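**Q** What follows is a single structure, and I will ask about it in a moment.
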Amino acid sequence: MLLDTGHEPNQILKMFAPPYWNHKNIKFPKEEIDNTISCLKEHQIVGDNYSSYFYKENYPERIWNKSYDLIMADLLKSVGIYQTSKYSYKYWAQFYMRKNLHSVHNHFNTSQKNDLSFVHFLKVTETPLFRFVNLEGEYFLPKQDEGDLICFPSWVWHEVIPNESDQERLVVAGNIVINEMFQADDIKAYLKKATSVHP
């Protein structure tokens, strides 16, 4: 799909439709977000942004552990697999200042067996920086207002383009692993209890 943005003469953006969904808009208190940013700033930049992914202790985002337990349960309920699976998840914080970015990558990992990934936009810049890409010159910018949480298959390629502003950006990113899915007989028993539509 080709889209004429109207921002610059003859500027054409190639767009595609990645598999993803917007979950909900969930905001955290500003004081907690500011404290998390302050903690991340105390560490050295990792690659092209500040990330707690490689921390061995003192994760600043741990203050939201209980919140994300509830958010992950709600997210999996929304796609109908909370009641029919056992899962685990991991999340970390990433902070971006001027010129910070995150090059094209995905979260597929054969050892970790990630199934779903998510990004929670806690503090955003005026210009959207996160986008999905398909390595053929096409990309897609999902809605990413402050508080938005999006989810997508872990193999989907994505990136964060350079922050050309003086505005700060904070996200929490993470992966969900489906450790076990109920077998057919278990699902039939569950469906009988869940709804009268199924025989």
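The numbers here are math on the coordinates, done by the rules we state, and not lab data. Just so you know, these numbers come straight off a predicted model, no measurement behind them. No Cβ is skipped: glycine too gets one built from the backbone with ideal geometry, and neighbour counts run over all protein chains shown.
**Q** Can you confirm whether I37 is touching a residue at least 60 places away in the same chain (Cβ under 8 Å), of a type in the set (A, V, I, L, M), surrounded by 15 or more Cβ atoms within 10 Å (Cβ to Cβ) and in contact with a Pro (Cβ under 9 Å, 6 or more places away or on another chain)?
**A** Yes; evaluated as a whole, the condition is true for this residue.
**Q** Given the criteria of a type in the set (A, V, I, L, M) and not in a loop (DSSP other than H, G, I, E, B), does L149 qualify?
**A** yes
**Q** Among S51, S88, which is the only one that is farther than 27 Å from R131 by Cβ and touching a strand residue (DSSP E or B) at 6+ places or on another chain (Cβ under 6 Å)? Break it down stepwise before answering.
**A** Numbers: S51 fails: farther than 27 Å from R131 by Cβ.
Matching residue, one of S51, S88: S88.
**Q** Would you confirm, using the coordinates I've provided, whether S117 is more than 12 Å from V172 (Cβ to Cβ), in contact (Cβ under 8 Å) with a residue 40 or more places away in the chain and part of a strand (DSSP E or B)? Explain how you work it out, then say what you get.
**A** On the way: more than 12 Å from V172 (Cβ to Cβ): no; in contact (Cβ under 8 Å) with a residue 40 or more places away in the chain: yes; part of a strand (DSSP E or B): yes.
Spelling it out, it is not the case that S117 is more than 12 Å from V172 (Cβ to Cβ), in contact (Cβ under 8 Å) with a residue 40 or more places away in the chain and part of a strand (DSSP E or B).
**Q** Restricting to the stretch 79-106, name every residue that is on the phi < 0 side of the Ramachandran plot and part of a loop (DSSP other than H, G, I, E, B). Spell out how you get there, then give the answer.
**A** Going through the stretch 79-106, the residues on the phi < 0 side of the Ramachandran plot turn out to be 79, 81-98, 100-106.
Result: V79, I81, Y82, Q83, T84, M97, R98, N100, L101, N106.
**Q** On the basis of being surrounded by 16 or more Cβ atoms within 10 Å (Cβ to Cβ), over 23 Å from I33 (Cβ atoms) and in contact with a Ser or Thr (Cβ under 6 Å, 6 or more places away or on another chain), does F108 make the cut?
**A** Working: surrounded by 16 or more Cβ atoms within 10 Å (Cβ to Cβ): yes; over 23 Å from I33 (Cβ atoms): yes; in contact with a Ser or Thr (Cβ under 6 Å, 6 or more places away or on another chain): yes.
Criteria met by F108.
**Q** Follow-up question, since we're still on this one. Filter the stretch 80-96 for residues that are touching a residue at least 40 places away in the same chain (Cβ under 8 Å) and surrounded by fewer than 17 Cβ atoms within 10 Å (Cβ to Cβ); which is farthest from the chain's Cα centre (by Cα)? Break it down into steps so the answer makes sense when it comes.
**A** Just the residues of the stretch 80-96 that are touching a residue at least 40 places away in the same chain (Cβ under 8 Å), to begin with: 81, 83-96.
Still in the list and also surrounded by fewer than 17 Cβ atoms within 10 Å (Cβ to Cβ): 83, 85-86, 88, 90.
Values: Q83: 22, S85: 21, K86: 20, S88: 15, K90: 11 Å.
Ranking the qualifying residues of the stretch 80-96, first place goes to Q83.
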